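The values are calculated or read from the model by the stated rules, or taken from the named source; none is laboratory data. Computed from a predicted structure; not experimentally measured. With ideal geometry, Cβ positions are generated from the backbone for all residues, glycine too; neighbour counts draw on all protein chains shown.
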Amino acid sequence: MWFRGIRRRKAMLEADGVGTPDPARAGDVRMFRDLSRLVRDAAVPDATAVPPFDECWAGVERRLREPEPEAGTALRGLRGLLERRPVLVLAPVGAMVLAAVIGVLWWTRPALPSNQCFVDSYDVESGTVLIDQDPDRPERPTVIWHEADSQEEEG
Amino acid sequence: MDALERDLVAAAREGDRDAFRVLAERYYRRVYRMLLAMTRDPDAALDLTQETFAKALRGLPEFEMTASFHTWLHRIAHHAFVDWTRRRRIRTPQALEDDARPQAADEQPFPVGPRPPGDPADAVEVEESLRAVRAALEALRPAYREILILREVEGLSYPEIAAVLKVRPGTVMSRLFAARMALRAVLRERFGMDVGGREG
(Lines give C-alpha, C1' and ligand atoms only; values in the text may rest on other atoms or scores of the structure.)
Protein backbone atom coordinates (compact mmCIF):
# COMPACT_ATOMS: atom_id res chain seq x y z
CA MET A 1 0.00 0.00 0.00
CA TRP A 2 1.35 3.43 -0.83
CA PHE A 3 0.12 6.95 -0.35
CA ARG A 4 0.48 10.28 -2.05
CA GLY A 5 1.01 13.22 0.26
CA ILE A 6 2.08 13.72 3.83
CA ARG A 7 0.46 11.91 6.68
CA ARG A 8 0.96 12.01 10.39
CA ARG A 9 2.28 8.78 11.85
CA LYS A 10 -0.96 8.16 13.74
CA ALA A 11 -3.02 8.79 10.63
CA MET A 12 -0.79 6.46 8.62
CA LEU A 13 -1.20 3.67 11.13
CA GLU A 14 -4.95 4.17 11.29
CA ALA A 15 -5.25 4.34 7.53
CA ASP A 16 -3.42 1.06 7.03
CA GLY A 17 -5.25 -0.82 4.33
CA VAL A 18 -7.63 1.94 3.29
CA GLY A 19 -5.22 4.25 1.46
CA THR A 20 -5.53 4.97 -2.21
CA PRO A 21 -3.01 3.10 -4.35
CA ASP A 22 -0.85 5.41 -6.43
CA PRO A 23 -0.19 3.71 -9.78
CA ALA A 24 2.42 6.33 -10.64
CA ARG A 25 4.66 4.94 -7.89
CA ALA A 26 3.95 1.25 -8.42
CA GLY A 27 6.77 1.02 -10.98
CA ASP A 28 9.20 2.59 -8.51
CA VAL A 29 8.27 0.14 -5.81
CA ARG A 30 8.72 -2.79 -8.20
CA MET A 31 12.05 -1.39 -9.36
CA PHE A 32 13.37 -1.11 -5.80
CA ARG A 33 12.23 -4.63 -5.03
CA ASP A 34 13.90 -5.97 -8.19
CA LEU A 35 17.11 -4.11 -7.42
CA SER A 36 17.12 -5.37 -3.84
CA ARG A 37 16.64 -8.94 -4.99
CA LEU A 38 19.34 -8.65 -7.64
CA VAL A 39 21.85 -7.21 -5.21
CA ARG A 40 21.08 -9.89 -2.63
CA ASP A 41 21.39 -12.69 -5.20
CA ALA A 42 24.47 -11.33 -6.91
CA ALA A 43 26.58 -9.90 -4.10
CA VAL A 44 27.71 -13.10 -2.42
CA PRO A 45 26.19 -16.38 -3.61
CA ASP A 46 25.33 -18.79 -0.79
CA ALA A 47 27.74 -21.33 -2.21
CA THR A 48 30.70 -18.97 -1.83
CA ALA A 49 33.57 -20.76 -0.15
CA VAL A 50 34.65 -19.12 3.09
CA PRO A 51 38.23 -19.95 4.13
CA PRO A 52 38.55 -21.88 7.40
CA PHE A 53 38.43 -19.69 10.48
CA ASP A 54 41.82 -21.01 11.63
CA GLU A 55 43.37 -19.52 8.50
CA CYS A 56 41.87 -16.16 9.35
CA TRP A 57 42.86 -16.36 13.00
CA ALA A 58 46.48 -17.17 12.13
CA GLY A 59 46.58 -13.87 10.24
CA VAL A 60 45.00 -12.04 13.16
CA GLU A 61 47.62 -13.47 15.54
CA ARG A 62 50.38 -12.48 13.14
CA ARG A 63 49.08 -8.92 13.01
CA LEU A 64 48.83 -8.77 16.77
CA ARG A 65 52.48 -9.77 17.07
CA GLU A 66 53.50 -6.90 14.81
CA PRO A 67 54.19 -3.65 16.66
CA GLU A 68 51.56 -0.96 16.28
CA PRO A 69 52.61 1.93 14.03
CA GLU A 70 54.34 4.59 16.06
CA ALA A 71 52.79 8.02 16.16
CA GLY A 72 56.09 9.68 15.31
CA THR A 73 56.66 7.68 12.13
CA ALA A 74 54.33 9.80 10.01
CA LEU A 75 55.87 13.02 11.32
CA ARG A 76 59.39 11.82 10.48
CA GLY A 77 58.23 10.85 6.99
CA LEU A 78 56.67 14.26 6.51
CA ARG A 79 59.88 15.99 7.58
CA GLY A 80 61.89 13.90 5.12
CA LEU A 81 59.43 14.70 2.32
CA LEU A 82 59.66 18.41 3.17
CA GLU A 83 63.42 18.25 2.73
CA ARG A 84 63.30 16.27 -0.53
CA ARG A 85 60.17 17.65 -2.25
CA PRO A 86 59.06 20.82 -0.44
CA VAL A 87 56.40 21.63 -3.01
CA LEU A 88 54.54 18.42 -2.21
CA VAL A 89 54.17 19.57 1.39
CA LEU A 90 53.87 23.32 0.96
CA ALA A 91 51.25 23.21 -1.80
CA PRO A 92 48.68 21.29 0.30
CA VAL A 93 49.44 23.50 3.30
CA GLY A 94 48.88 26.60 1.16
CA ALA A 95 45.65 25.12 -0.17
CA MET A 96 44.46 24.43 3.36
CA VAL A 97 45.22 27.99 4.46
CA LEU A 98 43.33 29.33 1.44
CA ALA A 99 40.40 27.00 2.18
CA ALA A 100 40.38 28.20 5.79
CA VAL A 101 40.24 31.84 4.67
CA ILE A 102 37.39 31.08 2.26
CA GLY A 103 35.66 29.16 5.02
CA VAL A 104 35.85 32.09 7.41
CA LEU A 105 34.54 34.47 4.74
CA TRP A 106 31.70 32.05 3.95
CA TRP A 107 30.87 31.57 7.60
CA THR A 108 30.67 35.30 8.28
CA ARG A 109 28.67 36.18 5.14
CA PRO A 110 25.36 38.02 5.58
CA ALA A 111 22.55 35.61 6.38
CA LEU A 112 20.29 34.71 3.44
CA PRO A 113 16.56 34.25 3.83
CA SER A 114 15.92 30.74 5.07
CA ASN A 115 14.36 28.31 2.62
CA GLN A 116 13.67 25.72 5.28
CA CYS A 117 10.25 24.29 5.64
CA PHE A 118 8.85 21.96 8.22
CA VAL A 119 6.81 18.87 7.58
CA ASP A 120 5.23 16.25 9.76
CA SER A 121 7.57 13.38 10.42
CA TYR A 122 7.51 9.92 11.85
CA ASP A 123 10.20 7.56 13.12
CA VAL A 124 10.61 4.07 11.77
CA GLU A 125 13.34 1.50 12.30
CA SER A 126 13.20 0.02 8.84
CA GLY A 127 11.07 -0.43 5.77
CA THR A 128 11.44 3.13 4.56
CA VAL A 129 12.73 3.74 1.07
CA LEU A 130 13.50 7.15 -0.31
CA ILE A 131 11.98 6.92 -3.75
CA ASP A 132 12.48 10.33 -5.23
CA GLN A 133 14.66 13.25 -4.23
CA ASP A 134 16.22 15.81 -6.54
CA PRO A 135 18.99 17.75 -4.80
CA ASP A 136 19.11 20.19 -7.72
CA ARG A 137 15.42 21.08 -7.37
CA PRO A 138 14.76 21.42 -3.65
CA GLU A 139 11.33 22.88 -4.28
CA ARG A 140 10.16 19.48 -5.50
CA PRO A 141 8.64 17.14 -2.94
CA THR A 142 10.59 14.24 -1.58
CA VAL A 143 8.78 10.95 -1.99
CA ILE A 144 9.22 8.32 0.67
CA TRP A 145 7.85 4.83 0.49
CA HIS A 146 7.16 3.04 3.74
CA GLU A 147 6.01 -0.50 4.09
CA ALA A 148 5.43 -2.64 7.14
CA ASP A 149 8.10 -5.22 7.96
CA SER A 150 5.84 -8.07 6.88
CA GLN A 151 5.48 -6.49 3.44
CA GLU A 152 9.22 -5.97 3.21
CA GLU A 153 9.84 -9.65 3.90
CA GLU A 154 7.61 -10.54 1.00
CA GLY A 155 9.75 -8.42 -1.34
CA MET B 1 24.12 -7.97 22.75
CA ASP B 2 22.99 -11.23 24.31
CA ALA B 3 24.29 -12.28 27.72
CA LEU B 4 26.93 -14.64 26.33
CA GLU B 5 28.24 -12.01 23.96
CA ARG B 6 28.37 -9.44 26.74
CA ASP B 7 30.38 -11.87 28.88
CA LEU B 8 32.73 -12.63 26.01
CA VAL B 9 33.28 -8.94 25.27
CA ALA B 10 33.88 -8.21 28.95
CA ALA B 11 36.39 -11.06 29.21
CA ALA B 12 38.12 -9.99 26.01
CA ARG B 13 38.38 -6.44 27.33
CA GLU B 14 40.24 -7.88 30.31
CA GLY B 15 42.74 -9.45 27.95
CA ASP B 16 41.23 -12.92 27.49
CA ARG B 17 42.40 -13.75 23.97
CA ASP B 18 40.41 -17.00 23.86
CA ALA B 19 37.19 -15.11 24.60
CA PHE B 20 37.91 -12.79 21.71
CA ARG B 21 38.63 -15.74 19.47
CA VAL B 22 35.16 -17.11 20.22
CA LEU B 23 33.68 -13.70 19.42
CA ALA B 24 35.66 -13.48 16.18
CA GLU B 25 34.54 -16.96 15.15
CA ARG B 26 30.93 -15.92 15.77
CA TYR B 27 31.20 -13.03 13.35
CA TYR B 28 33.85 -14.38 11.00
CA ARG B 29 31.58 -15.67 8.23
CA ARG B 30 29.41 -12.57 8.26
CA VAL B 31 32.31 -10.11 8.20
CA TYR B 32 34.18 -12.07 5.51
CA ARG B 33 31.17 -12.33 3.22
CA MET B 34 30.37 -8.65 3.64
CA LEU B 35 33.93 -7.64 2.79
CA LEU B 36 33.96 -10.09 -0.11
CA ALA B 37 30.79 -8.47 -1.45
CA MET B 38 32.39 -5.06 -1.13
CA THR B 39 35.84 -5.90 -2.51
CA ARG B 40 34.96 -8.74 -4.94
CA ASP B 41 38.42 -10.10 -4.10
CA PRO B 42 38.73 -13.18 -1.82
CA ASP B 43 42.32 -12.40 -0.83
CA ALA B 44 41.50 -8.80 -0.01
CA ALA B 45 38.40 -9.89 1.89
CA LEU B 46 40.41 -12.29 4.06
CA ASP B 47 43.11 -9.68 4.59
CA LEU B 48 40.58 -7.02 5.61
CA THR B 49 38.75 -9.50 7.85
CA GLN B 50 42.00 -10.21 9.69
CA GLU B 51 42.68 -6.49 9.92
CA THR B 52 39.17 -5.91 11.28
CA PHE B 53 39.56 -8.47 14.06
CA ALA B 54 43.08 -7.35 14.95
CA LYS B 55 41.95 -3.74 15.23
CA ALA B 56 38.88 -4.78 17.18
CA LEU B 57 40.98 -6.65 19.71
CA ARG B 58 43.36 -3.72 20.08
CA GLY B 59 40.47 -1.27 20.33
CA LEU B 60 38.34 -3.26 22.78
CA PRO B 61 39.39 -1.18 25.82
CA GLU B 62 37.68 1.80 24.15
CA PHE B 63 34.52 -0.15 23.32
CA GLU B 64 31.50 1.01 25.32
CA MET B 65 29.62 -1.94 26.75
CA THR B 66 26.30 -0.21 26.11
CA ALA B 67 26.95 -0.13 22.36
CA SER B 68 26.17 -2.87 19.85
CA PHE B 69 29.23 -5.08 19.30
CA HIS B 70 28.27 -6.08 15.80
CA THR B 71 27.65 -2.47 14.75
CA TRP B 72 31.05 -1.57 16.21
CA LEU B 73 32.67 -4.44 14.30
CA HIS B 74 30.95 -3.34 11.09
CA ARG B 75 32.32 0.14 11.67
CA ILE B 76 35.89 -1.18 11.94
CA ALA B 77 35.33 -3.23 8.78
CA HIS B 78 34.01 -0.09 7.10
CA HIS B 79 37.24 1.77 7.93
CA ALA B 80 39.30 -1.16 6.65
CA PHE B 81 37.32 -1.12 3.40
CA VAL B 82 37.71 2.65 2.98
CA ASP B 83 41.48 2.36 3.50
CA TRP B 84 41.60 -0.49 1.00
CA THR B 85 39.79 1.52 -1.67
CA ARG B 86 42.27 4.34 -1.17
CA ARG B 87 45.21 2.00 -1.58
CA ARG B 88 43.78 0.12 -4.49
CA ARG B 89 44.11 1.21 -8.06
CA ILE B 90 40.58 1.18 -9.43
CA ARG B 91 40.13 -1.03 -12.46
CA THR B 92 38.96 0.60 -15.63
CA PRO B 93 35.23 0.57 -16.42
CA GLN B 94 35.99 -1.08 -19.77
CA ALA B 95 37.63 -4.03 -18.04
CA LEU B 96 34.60 -4.38 -15.79
CA GLU B 97 32.30 -4.33 -18.77
CA ASP B 98 34.34 -6.99 -20.53
CA ASP B 99 34.11 -9.17 -17.42
CA ALA B 100 30.36 -8.96 -17.38
CA ARG B 101 29.61 -9.48 -21.03
CA PRO B 102 28.10 -12.85 -21.92
CA GLN B 103 30.60 -15.27 -23.43
CA ALA B 104 28.13 -16.36 -26.08
CA ALA B 105 27.97 -14.55 -29.39
CA ASP B 106 24.47 -13.18 -28.91
CA GLU B 107 24.16 -9.78 -27.27
CA GLN B 108 20.56 -9.97 -26.10
CA PRO B 109 19.67 -7.84 -23.09
CA PHE B 110 19.55 -9.76 -19.82
CA PRO B 111 16.02 -10.59 -18.70
CA VAL B 112 15.00 -9.79 -15.14
CA GLY B 113 12.33 -11.45 -13.04
CA PRO B 114 11.15 -14.90 -12.08
CA ARG B 115 11.40 -17.60 -14.69
CA PRO B 116 10.28 -21.22 -14.82
CA PRO B 117 12.91 -23.63 -13.46
CA GLY B 118 14.46 -26.47 -15.36
CA ASP B 119 15.62 -24.89 -18.60
CA PRO B 120 19.46 -24.89 -18.77
CA ALA B 121 19.34 -21.86 -21.05
CA ASP B 122 17.48 -19.97 -18.32
CA ALA B 123 20.12 -20.94 -15.80
CA VAL B 124 22.78 -19.51 -18.08
CA GLU B 125 20.78 -16.31 -18.51
CA VAL B 126 20.31 -15.96 -14.76
CA GLU B 127 24.03 -16.45 -14.16
CA GLU B 128 24.80 -13.86 -16.82
CA SER B 129 22.39 -11.43 -15.19
CA LEU B 130 24.00 -11.95 -11.82
CA ARG B 131 27.44 -11.52 -13.36
CA ALA B 132 26.29 -8.21 -14.84
CA VAL B 133 24.95 -7.09 -11.48
CA ARG B 134 28.24 -8.00 -9.80
CA ALA B 135 30.17 -6.02 -12.40
CA ALA B 136 27.75 -3.12 -12.07
CA LEU B 137 28.20 -3.15 -8.30
CA GLU B 138 31.94 -3.07 -8.79
CA ALA B 139 31.61 -0.13 -11.17
CA LEU B 140 29.74 1.90 -8.55
CA ARG B 141 31.47 4.35 -6.26
CA PRO B 142 32.74 2.42 -3.22
CA ALA B 143 30.42 4.41 -0.93
CA TYR B 144 27.40 3.37 -3.01
CA ARG B 145 28.50 -0.25 -3.20
CA GLU B 146 29.08 -0.36 0.54
CA ILE B 147 25.71 1.07 1.51
CA LEU B 148 23.90 -1.34 -0.82
CA ILE B 149 25.75 -4.28 0.73
CA LEU B 150 25.06 -3.08 4.27
CA ARG B 151 21.37 -2.74 3.51
CA GLU B 152 20.58 -5.54 1.09
CA VAL B 153 23.10 -8.21 2.07
CA GLU B 154 23.78 -7.49 5.73
CA GLY B 155 20.20 -6.41 6.33
CA LEU B 156 21.18 -3.59 8.68
CA SER B 157 18.47 -1.12 9.63
CA TYR B 158 18.85 2.55 8.74
CA PRO B 159 19.88 3.51 12.29
CA GLU B 160 22.48 0.71 12.26
CA ILE B 161 23.86 1.83 8.91
CA ALA B 162 23.94 5.40 10.20
CA ALA B 163 25.95 4.22 13.21
CA VAL B 164 28.38 2.23 11.05
CA LEU B 165 28.98 5.06 8.58
CA LYS B 166 28.69 7.79 11.21
CA VAL B 167 26.14 9.72 9.15
CA ARG B 168 22.57 10.87 9.80
CA PRO B 169 19.70 8.47 9.03
CA GLY B 170 18.47 10.93 6.41
CA THR B 171 21.84 10.68 4.70
CA VAL B 172 21.54 6.89 4.73
CA MET B 173 18.21 7.14 2.92
CA SER B 174 19.34 9.64 0.32
CA ARG B 175 22.62 7.77 -0.28
CA LEU B 176 20.73 4.51 -0.70
CA PHE B 177 18.43 6.19 -3.16
CA ALA B 178 21.37 7.57 -5.14
CA ALA B 179 23.13 4.18 -5.03
CA ARG B 180 20.06 2.39 -6.37
CA MET B 181 19.64 4.94 -9.14
CA ALA B 182 23.32 4.63 -10.05
CA LEU B 183 23.12 0.83 -10.10
CA ARG B 184 20.02 0.95 -12.27
CA ALA B 185 21.73 3.38 -14.68
CA VAL B 186 24.87 1.23 -14.98
CA LEU B 187 22.80 -1.90 -15.57
CA ARG B 188 20.82 -0.21 -18.30
CA GLU B 189 23.58 1.71 -20.04
CA ARG B 190 26.37 -0.84 -19.94
CA PHE B 191 24.55 -4.14 -19.86
CA GLY B 192 21.22 -3.44 -21.52
CA MET B 193 19.43 -4.64 -18.40
CA ASP B 194 16.22 -2.75 -17.64
CA VAL B 195 15.06 -3.03 -14.05
CA GLY B 196 11.96 -0.91 -14.65
CA GLY B 197 10.63 2.19 -12.91
CA ARG B 198 10.22 5.61 -14.43
CA GLU B 199 12.45 6.95 -17.14
CA GLY B 200 15.16 9.36 -16.14
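Is it the case that B:Asp99 is within 14 Å of chain A (Cβ to nearest Cβ), modelled with pLDDT of 90 or more and within 27 Å of B:Val186 (Cα to Cα)? Criteria not met by B:Asp99.
Condition check: without any contact (Cβ under 8 Å) to a residue 60 or more places away in the chain, over 15 Å from B:Pro61 (Cβ atoms) and in contact with a Leu (Cβ under 8 Å, 6 or more places away or on another chain). Does B:Ala45 satisfy that? Steps first, please.
Numbers: without any contact (Cβ under 8 Å) to a residue 60 or more places away in the chain: yes; over 15 Å from B:Pro61 (Cβ atoms): yes; in contact with a Leu (Cβ under 8 Å, 6 or more places away or on another chain): yes.
When the stated conditions are applied, B:Ala45 passes them.
Would you point out the residue of the stretch B:21-41, among those that are farther than 19 Å from B:Trp84 by Cα and more than 9 Å from every other protein chain (Cβ to nearest Cβ), that is surrounded by the most Cβ atoms within 10 Å (Cβ to Cβ)? Filtering first and then ranking leaves B:Leu23.
Select from the stretch B:53-68 the residues that are within 16 Å of B:Ala163 (Cβ to Cβ) and at pLDDT 90 or above and write down the one among them that is surrounded by the most Cβ atoms within 10 Å (Cβ to Cβ). So the residue we want is B:Ala56. Among the candidates B:Arg168, B:Arg145, B:Arg184, the residue that is under 24 Å from A:Gln133 (Cα atoms), outside the structural domain of B:Phe63 (by TED's automatic domain parsing), at pLDDT 75 or above and touching a Gly at 6+ places or on another chain (Cβ under 8 Å) is uniquely B:Arg184. So, B:Pro142, is that one within 11 Å of another protein chain (Cβ to nearest Cβ) and more than 19 Å from B:Tyr27 (Cβ to Cβ) or not? No; evaluated as a whole, the condition is false for this residue.
One line per residue, one yes/no per condition, for (1) of a type in the set (Gly, Ala, Ser); (2) surrounded by 13 or more Cβ atoms within 10 Å (Cβ to Cβ); (3) modelled with pLDDT under 80:
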| residue | (1), (2), (3) |
| --- | --- |
| A:Met1 | no, yes, yes |
| A:Gly17 | yes, no, yes |
| A:Arg37 | no, yes, no |
| A:Arg84 | no, no, yes |
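Scanning the stretch B:146-166 for residues that are more than 9 Å from chain A (Cβ to nearest Cβ), under 20 Å from A:Asp34 (Cα atoms) and assigned to a helix (DSSP H, G or I) turns up B:Glu146, B:Ile147, B:Leu150.
So that you can scan it fast, the table gives a plain yes or no per residue for (1) more than 10 Å from chain B (Cβ to nearest Cβ); (2) under 26 Å from B:Leu156 (Cβ atoms); (3) touching a strand residue (DSSP E or B) at 6+ places or on another chain (Cβ under 6 Å); (4) modelled with pLDDT of 85 or more:
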| site | (1), (2), (3), (4) |
| --- | --- |
| A:Val87 | yes, no, no, no |
| A:Leu105 | yes, no, no, yes |
| A:Pro113 | yes, no, no, no |
| A:Gln116 | yes, no, no, no |
| A:Thr128 | no, yes, yes, no |
| A:Glu139 | yes, no, no, no |
